[in-house]
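The values are calculated or read from the model by the stated rules, or taken from the named source; none is laboratory data. Everything numeric in this text was worked out from a predicted model, so none of it was measured. Virtual Cβ from ideal backbone geometry, glycine too; neighbours counted across all protein chains shown.
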Amino acid sequence: MSVTTGHDGEAHTPLKGALIGCGFFSLNHLHAWQDIEGAQIVALCDANRARLDEVGDTFGIERRYTDAAAMLREARLDFVDIATTVPSHRALVELAAAAGVATICQKPFASTLEDAHAMIAACREAGVPLMVHENFRWQSAIQAVGRALREGVIGKPFWGRVSFRSAYDVFSGQPYLAEGERFIVEDLGIHILDIARFLFGDVARVSAATARVNPAIRGEDVATILLVHESGMSSVVDCSYATHLPRELFPQALIEVDGAEGTLRLFADYQLQIHTHSGTEVRNVAPRALAWTSEQWVAIQRSVFSIQSHWVDCLRRGAEPATSGRDNLRTLELVEATYLSAREGRSVVPGELQGAAS
Ligand code: NAD
Ligand code: 89V
């Protein structure tokens, strides 16, 4: 049995995990798990037998199940990593909680706040750690912006913008995204809203407008959201999959922050400019490639490695993950507030939502 040394300097045997949902994005989870010494995926589950075998063969994982309940009963697991789409999340998280297994759940955590509350309660009552796989804030560039703001380099921020504008064909890899009544806010905006929360803090008021430009899809593909944060600063989160630029930047989020002592800009290609009274500095905050990453997806793929490493570290230390169920509920509230604001043409206080966290 292999033994690894953790951050605490102690020798540990790798945590044993299982992954449920061997679809499009799961390959990134599995590649990252292979690179994380403190954990090992020992079992796989997918309701689709052919997909299960294809992924099991690729990653050399022999224990395979088409039924998550059977896997949770039979395999001796330290954690489960749920990488299915949102309709299955509540049932799977509740199954894992009932089995007493620490749980990671992909975003979007839930399609209703009620489901999110139920999942958080199930894990809390079972004494089981719960992390939402909200990886965008773990991108190297977003972490670098967060560090600069925390260090107070530009003084107290009073205005910000997190912008994601693209015409990338996301539907070829994830065809279900064209079919849902909701699209960009629930799928992509959720990441960008989480970045805004991570950088600027929790939100007191939300005003939003949404639109559908692409006639071939069902949901909205453009959203412009004004956030008033509890700190008093305001920010704009804007997302589009209908924006044809001279150069496609998918999946980069661009950031602007104005502070009392200077400005910060995250430009294309992960160039972070910090301007203060003492001058202007540009830092390269690009993600570093791994053996399995691709040029276009490297920022996201590295963030998968980072969030999963964070999970292992939190499990070892008994610490709450940064994007715990409790934390992610706040991001989910912003998604719901955005849809409500756009529908009713008014600003929304996230706390007024039915099922919002008290
Ligand atoms: P997908 O449809 O390609 O794969 C989902 C897999 O789960 C399928 O193989 C399906 O058979 C299986 N499945 C569904 N319900 C199941 C159940 N109850 N038991 C066992 N297997 C089940 O989906 P995807 O594109 O890989 O997306 C999965 C999740 O990852 C989504 O929630 C999506 O939003 C998220 N995602 C996140 C990122 C990111 O950067 N964080 C990127 C892409 C996708
Ligand atoms: O996060 C997601 O689910 C993806 C992508 C990063 C492409 O938007 O849809």
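Just to be sure, is ARG302 charged (D, E, K, R), within 15 Å of the chain's Cα centre (by Cα) and farther than 24 Å from LEU226 by Cα? Full working, then the answer.
On the way: charged (D, E, K, R): yes; within 15 Å of the chain's Cα centre (by Cα): yes; farther than 24 Å from LEU226 by Cα: yes.
So ARG302 passes the test.
Failed condition for ASN135, given (1) within 14 Å of ligand 2 (Cβ to nearest atom); (2) in contact with a Pro (Cβ under 7 Å, 6 or more places away or on another chain); (3) within 30 Å of GLN354 (Cβ to Cβ), with all others met?
(2)
Tell me whether the stretch 255-264 contains one or more residues that are within 16 Å of ligand 1 (Cβ to nearest atom) and either modelled with pLDDT of 95 or more or out of contact with any Gly (no Cβ under 8 Å at 6 or more places or on another chain) (or both).
Scanning the stretch 255-264, I find no residue that is within 16 Å of ligand 1 (Cβ to nearest atom) and either modelled with pLDDT of 95 or more or out of contact with any Gly (no Cβ under 8 Å at 6 or more places or on another chain) (or both), so the answer is no.
Does ILE36 satisfy the criteria of being within 21 Å of GLN301 (Cα to Cα), away from ligand 2 (no atom under 16 Å from the Cβ) and in contact (Cβ under 8 Å) with a residue 40 or more places away in the chain?
When the stated conditions are applied, ILE36 passes them.
Could you check, for the stretch 26-42, whether at least one of its residues is of a type in the set (A, V, I, L, M), over 21 Å from the mean Cα position of the chain (by Cα) and more than 8 Å from ligand 1 (Cβ to nearest atom)?
yes
From the list ASP202, ASP194, which one is charged (D, E, K, R) and within 16 Å of ligand 1 (Cβ to nearest atom)?
Going through ASP202, ASP194 in turn, the sole match is ASP194.
Looking at the stretch 43-55, can you tell me whether even one residue there is assigned to a loop (DSSP other than H, G, I, E, B) and touching a strand residue (DSSP E or B) at 6+ places or on another chain (Cβ under 6 Å)? Quick ask: steps written out before the conclusion?
Here is the first cut: in the stretch 43-55, the residues assigned to a loop (DSSP other than H, G, I, E, B) are 46-48.
Filter once more, keeping what is touching a strand residue (DSSP E or B) at 6+ places or on another chain (Cβ under 6 Å): none.
Within the stretch 43-55, none of the residues are assigned to a loop (DSSP other than H, G, I, E, B) and touching a strand residue (DSSP E or B) at 6+ places or on another chain (Cβ under 6 Å).
Can you tell me which residue is surrounded by the fewest Cβ atoms within 10 Å (Cβ to Cβ) among those in the stretch 145-188 that are within 15 Å of LEU254 (Cβ to Cβ), within 16 Å of the chain's Cα centre (by Cα) and within 11 Å of ligand 2 (Cβ to nearest atom)?
Here the residue is LEU188.
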